[in-house]
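Below is one structure, written out as structure tokens; the observations come after it.
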Amino acid sequence: MLPRNPTNHQHSTTGIYNSRNPGMHLPSRARLACCVITLFAFPLMARAADWQPLIAQLSGKISAATGPGVIALDITNRSTISAADVEAIRRELTSSLANSGVRVWQPEQAAGIVKITLSESLQNYVWVAEVQLGVNEHPVVIVSMPRPESATNAQNAPPLALRTTTLLSQADPILDVVIIEGSPRRMLVLGVSAITPYEFRDSRWIAGSPLAITHERPLPRDIRGRLVLRKDHLFDAYLPGLVCHSTNAAPLGVNCAHSDDPWPLQTEEPHVSAFYAPARNFFTGALVPGIGQQKSAPPFYSAASVPREKYALWIFVGVDGQLRLLDGINQQSLPKIHWGSDITSIHAPCRAGSQVLATSSENGSTDIIQAFEFPDREPVAVSQKLELNGSVTALWTAENGEAATLVFHDADKGDYEAVLLNFACGQ
């Protein structure tokens, strides 16, 4: 059985957590992550063309300072420009310099080196080049260009704080949790062998009688599950090769049967479901009804949707560790962004659009979770990192779309912790 990518989270109590690392653009390991574009409606060279005015200016000033000859390029990116664009800029700049008689080669075979720093202000991209030829003085050239509005919106908006509320802690595995708002509030907890209803009374969750999950075939060891509320009956529960439907009248009961039905990836529009590999721990990639013209994705662990004006951008964490984007027509890979196996999307009431909650592991033993937005096709961090004291085992969008239910295995206690995640805006 293929293991899922490890992702962990801090022991969860009600409160707002702030990261020890204040970096807000991308997690440290992904800050210079390469994002390769393949077969998109605006291909890589088209995106590189967006930088042509700056490339042309910079090339002209460098060639004027160096004259014809052979140089080396050293490019440092201190901006929010993606690593994919940096590589495109390098290629286009190399080609432009060659047209002026300046060849870019290895440092040991070059007459000098040009050190370029890609930086930015709130309004402009600012590129600085220091030309180093021999022992003479090193001229510095600077070019700039206004940043597009889409590149500054996420960065300039107030950061979001992730708020956690502990729902349940127990020794037995928790596969999923759903909250049913009302008076009293109710909660359903999906376990390996039962679905347990709870009511919130006297400031705590009180367990009711468990509803046994019956099945003829053994369930896989690395088991996952999904709870979904329904309109014509209370809920459906999805487990590998098994679907359970609740009764639609009191007393509450559940009927389980073998099924290969696809699991809902999210309960909000757009409704997309995916087939789960019953003997494994991931989705096969077959999608129902699909994302636009795309009816499949590479096998994946989890997915999240970011609505756009006329379509939805879907993010998938593949079983090969690759992050992929599907927009209904094209597929894009972000091969050097190293997120964990679990992602989901929620909506902060104080911000436009949706945010993606993504897990990752920085020390190899415990997980973190962080919120990102996709102003274009690459993630920009919009919250600090929430550290957990264990590994994430489940992460799903809550029914209202403004929160997520998180389950992690506490590294110290050994218990499974179910947590409700949402945003505290402006804190």
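Enumerate the calculated ³J(HN,Hα) couplings along the range 351-357 in order (Karplus 6.51 cos²θ - 1.76 cosθ + 1.60, θ = phi - 60°), each rounded to whole Hz, writing x wherever the residue is Gly or Pro.
Taking θ as phi minus 60°, the curve returns 9, 7, x, 10, 10, 9, 8 Hz for the range 351-357.
Give the long-range amide H neighbours of Ile75: residues separated by 5 or more places, or on another chain, with amide H under 5 Å away, using H modelled in the peptide plane at 1.01 Å from N.
Excluding prolines and chain starts, which carry no amide H, the hits are Ile116.
³J(HN,Hα) across the range 248-253 via Karplus (A = 6.51, B = -1.76, C = 1.60, θ = phi - 60°), whole Hz, x for Gly/Pro?
Each residue's phi maps through the Karplus curve to give 9, 8, 6, x, 5, x Hz.
Compare the Cα positions of Ala381, Gln294, Ala312 along the charge dipole of the range 255-411 (+1 at Cβ of Lys, Arg; -1 at Cβ of Asp, Glu; about the Cα centre) and return the one farthest towards the positive end.
Final value for the positive-end residue is Gln294.
Over all pairs of distinct alpha carbons, what does the Kirkwood formula give as the hydrodynamic radius of the range 139-261, in Å?
17.8 Å
In terms of Cα to Cα distance under 20 Å, which aspartates and glutamates are near enough to Lys295, apart from those fewer than 8 places away along the same chain?
Answer for Lys295, where 20 Å is the Cα cut-off: Asp260, Asp261, Glu268, Glu269, Asp320, Asp327, listed by chain and number.
Once amide H atoms are built 1.01 Å from N in the peptide plane, which residues 5 or more positions from Tyr125, or in another chain, come under 5 Å H to H?
Met145, Arg147
In whole Å, what is the distance between the alpha-carbon centres of the range 249-321 and the range 194-221?
Comparing the Cα centres of the range 249-321 and the range 194-221, I get a distance of 23 Å.
Of all trypsin sites (Lys or Arg not before Pro) in the range 226-309, which ones are in loop regions per DSSP and have a Cβ with at most 10 other Cβ atoms within 10 Å?
Lys231
Mind listing the long-range amide H neighbours of Ala286? Cut-off is under 5 Å, sequence gap 5 or more, other chains count too, H placed in the peptide plane at 1.01 Å from N.
Placed amide hydrogens put Phe275, Ala297 under 5 Å from Ala286.
Please turn the phi angles of the range 139-144 into ³J(HN,Hα) values with the Karplus equation 6.51 cos²θ - 1.76 cosθ + 1.60 (θ = phi - 60°), one per residue in order, whole Hz, x for glycine and proline.
x, 10, 10, 10, 10, 8
Based on other C-beta atoms within 10 Å, arrange Cys425, Cys256, Cys350, Cys244 from fewest to most.
Result, fewest neighbours first: Cys350, Cys425, Cys256, Cys244.
Read the figures in this text as sums done on the coordinates, not as results from a lab. Predicted model, so just to flag it, every value in this text is computed and none were measured. Here the Cβ is made from the backbone with ideal geometry for all residues, glycine too, and neighbour counts use every protein chain on show.
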